[in-house]
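Below is one structure; the comments refer to it alone.
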Protein chains: 2
Amino acid sequence: MREIGIGLLGLGNVGAGVVKLLKDNAQAIEARLGARVVVHAIAVRELEKARPVEVDRDLLTRDVAEVIARDDVEIVCELIGGADRARSAVLEAIARKKHVVTANKLLLAMHGEEVFAAAEKQGVDVYYEAAVCGGVPVIRTLREGLASDRIDAIYGIVNGTSNFILTSMASVGRPFADVLADAQARGYAEADPTLDIGGGDASHKLAILIMLCFGVTVDADEIFVEGIEHLDPIDFVYARKFGYEIKPLAIARQVEGEIEARVHPAMVPQTWLLADVPGAKNALYVHSYALGASMYYGAGAGMMPTAMAAVSDLIEVARNIRAEVAGALPLRSYQALVHQPLRDIAELRCRYYMRFSVVDQPGVLGRITTVLGNHAVSIAQVVQEESARPSRPDGDDTQGTERPVWVVVLTHEAREGNVQQALMQIAELDVVVEPAAVIRIAQYIVP
Amino acid sequence: MREIGIGLLGLGNVGAGVVKLLKDNAQAIEARLGARVVVHAIAVRELEKARPVEVDRDLLTRDVAEVIARDDVEIVCELIGGADRARSAVLEAIARKKHVVTANKLLLAMHGEEVFAAAEKQGVDVYYEAAVCGGVPVIRTLREGLASDRIDAIYGIVNGTSNFILTSMASVGRPFADVLADAQARGYAEADPTLDIGGGDASHKLAILIMLCFGVTVDADEIFVEGIEHLDPIDFVYARKFGYEIKPLAIARQVEGEIEARVHPAMVPQTWLLADVPGAKNALYVHSYALGASMYYGAGAGMMPTAMAAVSDLIEVARNIRAEVAGALPLRSYQALVHQPLRDIAELRCRYYMRFSVVDQPGVLGRITTVLGNHAVSIAQVVQEESARPSRPDGDDTQGTERPVWVVVLTHEAREGNVQQALMQIAELDVVVEPAAVIRIAQYIVP
């Protein structure tokens, strides 16, 4: 039987999953492919190390170049992570006319154009299903399933750690730091969680999705990003009062010929399927011209789900090799890619939730709403709690004689630039005690 | 620019959508494909007829064979529907080495093996994304996205009409016949709705999904089917009391080396994402070894969503033609197909909801539970309403001196064969007034 040789770069969690899945499902994969997929070499950082999967010691080497250069390696599976080392490894593989499967969103967000251009020139495949939403096949869906459609907007929960933390904050009412510590203890958050909770990881994935959806490359660094660290348990209580859940969203939309892209926690109506995406799960909600609303949901991270996506890519590249068409079919968007700057975030229009901590004295509400009104931020709903404001679910209530009260405002659709100016002016009012809590509302009206 | 010629069979709703989408998105499709997709001929039943889309009168013909035979037609897009005429048209197209795109689930459920064997022999592509879940790309997902995985079970809402009716019954509390009439008036149900509400349509789609998921062909006629006509509004009230929604499910699972397949209304826990699939929407919930739970959601019917799937298939086949690999890549499952009988439905094990109408006299509950117990059907929960039973939401209450009461039972997991025997015996009890309402509970415990 024909063998397709794989060189694996990296044997961390996902790499171990790839080895395990290729072994566990070997028979089925052979039957589907009419060929055997064989790992011939694995580049690792440390040769001696306990691993979650049994691996023949002879396969291991510390030399990435050696793996890539082997004659019996037809596909290089890059699972090193990071941008720089992965970039040089992948470009080296392409230069040697090896096909590439990668799970590296950072690599593609930062150096995607360079990688794809090199692959096109050399006539090799680059597959990357595992880079976004883990095992959920959103790349194939956008590239092929919706190939005939015109995508208007995507709303994604693409970072499992953030979703896990917000789901926990909503259900247990504990503060961010506690929930993060718990998530770290349970393996849902890394020791340094900055990239996940700060929104950086989501912005890399969003850059890749924008390329697929709109045929446009953007600077991932230009995407507006707001993390989830500042969220207060009390805002989850208010969210539910108003019929919303707070979810970590990555959003890209076509607005007046420009692309609006942003990553931030958002209030999502409870009637919207996205509001029900629990725990560490991911989901991508797509709105397109012909299909209307569609959603793709599942495990966005983890050893086996991510490995599943990578091995499905290996199967597809292996299939292309067997059919002698590897490198011949378009593999990113079908479109010619155009670089485009993103729409100025100040031009964003959406509804806003705002919670102000103010001293409890007459006329305060009027002063706040006046400032908002002066900036054309129109109010849909106001809740001013009397002394009987809801107690913080974390019990962390300010006690004392001059206990502040909360004024909670839901606005009509307003312009982000105006909102920010109004908020700055309100922050300077002498009656305002703490910075306002502000959460954008994501509302998709299903037609 | 290279042109790929299409012959369209049928210009109903979906056919008109295909024409419209090819026109509306012509520029984007050209850019993605590097080729122009051109409809050269359309077979219709009536030449003169008002249509939802403007079509050049010269393209129309009543002769299917003429469309297929044209030299400039490289892909035949079959949208006639039905089994027999479509079968002969598709086989004729394949015999003439034309590639085929079809939306015809009946054709594939009944004659799939014959069609695929002919296509393989002739070296042509047969694509059929539009046959299941309309525009939601579940075929590609199962075939390619999850190619490396091993699927354990699928739970689908694959019939939009049934989901629309059950969603309406749940929200308005009106009887089945009223809601059906309303659905017909609003275009969500056909004049003869038998195939939709009886489960036949779902069983055809399930047969196709089973082929993709398990590499097994089955007789669609053998799939256990129960329609939704018998559902009573009161059972929706009880369902919610117990934390469930009633949804029209198509289920296939691997159980002890056999395939269990069934189509019936089911109680779905409200915490399960499937419970939130509203209106006429479709969704496929998949559980697989490596990925775990995943779900694919969107419009399962309608002119533009279904046309979107068909045109995405046309683009993919056109792409294959351009890359000179049409017919060379495996297109159903990757697996060799094996015919297999289905698991005996009597062996099904699940939990059950049962509502008995009984005369209001002492000892009745005991007699019912004794029969259940004798058949090893163990009870998890019982509600016996006193005279203050909840009134039927449709107001259709039986009045009179000997007003029956309801005994509602939730069982533990039990064997279908035993349950049916117990129910027959209970029906013969003199205290039982009406046939029992019985709804299977579909419970997937997310790991």
Report summary line: Within the range A:367-387, residues being among the small types (Gly, Ala, Ser) and either assigned to a strand (DSSP E or B) or at pLDDT below 95 (or both) number 2
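Is it true that some residue in the range B:31-46 is in contact with a Cys (Cβ under 6 Å, 6 or more places away or on another chain) and more than 24 Å from A:Cys213 (Cβ to Cβ)?
Our first condition is that a residue be in contact with a Cys (Cβ under 6 Å, 6 or more places away or on another chain); within the range B:31-46, this holds for none.
For the range B:31-46, residues in contact with a Cys (Cβ under 6 Å, 6 or more places away or on another chain) and more than 24 Å from A:Cys213 (Cβ to Cβ): absent.
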Report summary line: Restricting the range B:128-145 to residues that are part of a helix (DSSP H, G or I) and of a type outside the set (Val, Ile, Thr), the one nearest to A:Gly135 (Cα to Cα) turns out to be B:Gly145
Query raised in the report: Looking at A:Thr61, is it among the polar types (S, T, N, Q), under 26 Å from B:Cys213 (Cα atoms) and away from chain B (no Cβ under 14 Å)?
Result: no
Requested in this report: Please specify each residue of the range A:120-145 satisfying the condition of being more than 7 Å from chain B (Cβ to nearest Cβ), more than 23 Å from A:Val268 (Cβ to Cβ) and touching a Phe, Trp or Tyr at 6+ places or on another chain (Cβ under 8 Å).
Outcome: A:Val126, A:Ile139, A:Arg143
Query raised in the report: Regarding A:Gly145, is this residue in contact (Cβ under 8 Å) with a residue 12 or more places away in the chain, over 25 Å from A:Ala69 (Cβ atoms), surrounded by 24 or more Cβ atoms within 10 Å (Cβ to Cβ) and of a type outside the set (D, E, K, R)?
Result: no
Requested in this report: Could you list all residues from the range A:24-45 that are touching a strand residue (DSSP E or B) at 6+ places or on another chain (Cβ under 9 Å) and free of Cβ contacts under 8 Å to residues at least 60 places away in the same chain?
Outcome: A:Ala26, A:Glu30, A:Arg36, A:Val38, A:Val39, A:His40, A:Ala41, A:Ile42, A:Ala43, A:Val44
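Yes/no matrix, rows are residues, columns are (1) surrounded by fewer than 23 Cβ atoms within 10 Å (Cβ to Cβ); (2) touching a Ser or Thr at 6+ places or on another chain (Cβ under 7 Å); (3) under 26 Å from A:Gly298 (Cβ atoms):
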site	(1), (2), (3)
A:Asn159	no, no, yes
A:Asp196	no, yes, yes
A:Ile223	no, yes, yes
A:Lys241	yes, no, no
Query raised in the report: Which of the residues that make up the range B:25-41 are within 13 Å of chain A (Cβ to nearest Cβ) and either surrounded by fewer than 16 Cβ atoms within 10 Å (Cβ to Cβ) or touching a helix residue (DSSP H, G or I) at 6+ places or on another chain (Cβ under 9 Å) (or both)?
Result: B:Asn25, B:Ala26, B:Gln27, B:Ile29, B:Glu30, B:Ala31, B:Arg32, B:Leu33, B:Gly34, B:Ala35, B:Val37
Requested in this report: Among the residues of the range A:54-70, write down those that are aliphatic (A, V, I, L, M) and crowded, with 16+ Cβ neighbours inside 10 Å.
Outcome: A:Val55, A:Leu59, A:Leu60, A:Val64, A:Val67, A:Ile68
Report summary line: Among residues of the range B:297-308 being modelled with pLDDT of 95 or more and under 16 Å from the mean Cα position of the chain (by Cα), the residue surrounded by the fewest Cβ atoms within 10 Å (Cβ to Cβ) is B:Ala299
Query raised in the report: Residues of the range B:202-242 being of a type in the set (Lys, Arg) and closer than 22 Å to B:Lys281 by Cα, which ones?
Result: B:Lys205, B:Arg240
Query raised in the report: If we only count helices (runs of 4 or more DSSP H) wholly inside the range A:1-72, which ones have 2 or more residues that are under 25 Å from A:Gly187 (Cα atoms) and touching a Ser or Thr at 6+ places or on another chain (Cβ under 8 Å)?
Result: A:13-24
Report task. Could you tell me which residue of the range A:319-332 is nearest to the other protein chains (Cβ to nearest Cβ), considering only residues that are under 20 Å from B:Arg143 (Cα atoms) and at pLDDT below 80? Result -> A:Leu329
Requested in this report: Might you check whether a residue that is on the phi > 0 side of the Ramachandran plot and surrounded by 24 or more Cβ atoms within 10 Å (Cβ to Cβ) occurs anywhere in the range B:202-217?
Outcome: no
Query - Residue match in the range A:253-262 (condition: of a type in the set (A, V, I, L, M, F, W, C) and over 16 Å from the mean Cα position of the chain (by Cα)) - result: yes
Report summary line: A careful count of residues in the range B:403-437 that are within 27 Å of the chain's Cα centre (by Cα) and closer than 18 Å to B:Asp344 by Cα gives 7
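Mind checking whether some residue in the range B:74-83 is more than 14 Å from chain A (Cβ to nearest Cβ), farther than 30 Å from B:Leu231 by Cβ, outside any loop (DSSP other than H, G, I, E, B) and modelled with pLDDT of 95 or more?
Yes, there is a match, as at least one residue in the range B:74-83 is more than 14 Å from chain A (Cβ to nearest Cβ), farther than 30 Å from B:Leu231 by Cβ, outside any loop (DSSP other than H, G, I, E, B) and modelled with pLDDT of 95 or more.
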Requested in this report: Within the range A:247-267, identify whether any single residue is in contact (Cβ under 8 Å) with a residue 60 or more places away in the chain and within 10 Å of chain B (Cβ to nearest Cβ), and answer yes or no.
Outcome: no
Query raised in the report: With A:Ser288, A:Ser294, A:Ser312 as the choices, which residue is surrounded by fewer than 24 Cβ atoms within 10 Å (Cβ to Cβ) and at the interface with another protein chain (Cβ under 8 Å from one of its Cβ atoms)?
Result: A:Ser288
Query raised in the report: Is it fair to say B:Val158 is β-branched (Val, Ile, Thr) and modelled with pLDDT under 95?
Result: no
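Taking the stated definitions as given, is B:Val124 surrounded by 22 or more Cβ atoms within 10 Å (Cβ to Cβ) and under 29 Å from A:Thr141 (Cβ atoms)?
Here the answer is yes, as B:Val124 does meet what is asked.
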**Report entry** Sole exception among (1) more than 24 Å from A:Ala239 (Cα to Cα); (2) more than 7 Å from chain B (Cβ to nearest Cβ); (3) in contact with a Gly (Cβ under 9 Å, 6 or more places away or on another chain) for A:Ala280, by number
**Finding:** (1)
Query raised in the report: So is B:Val124 touching a Lys or Arg at 6+ places or on another chain (Cβ under 7 Å) and part of a loop (DSSP other than H, G, I, E, B) or not?
Result: yes
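The values are calculated or read from the model by the stated rules, or taken from the named source; none is laboratory data. Computed from a predicted model, the values in this text were never measured in an experiment. All Cβ positions, glycine included, derive from the backbone under ideal geometry; neighbour counts span all protein chains shown.
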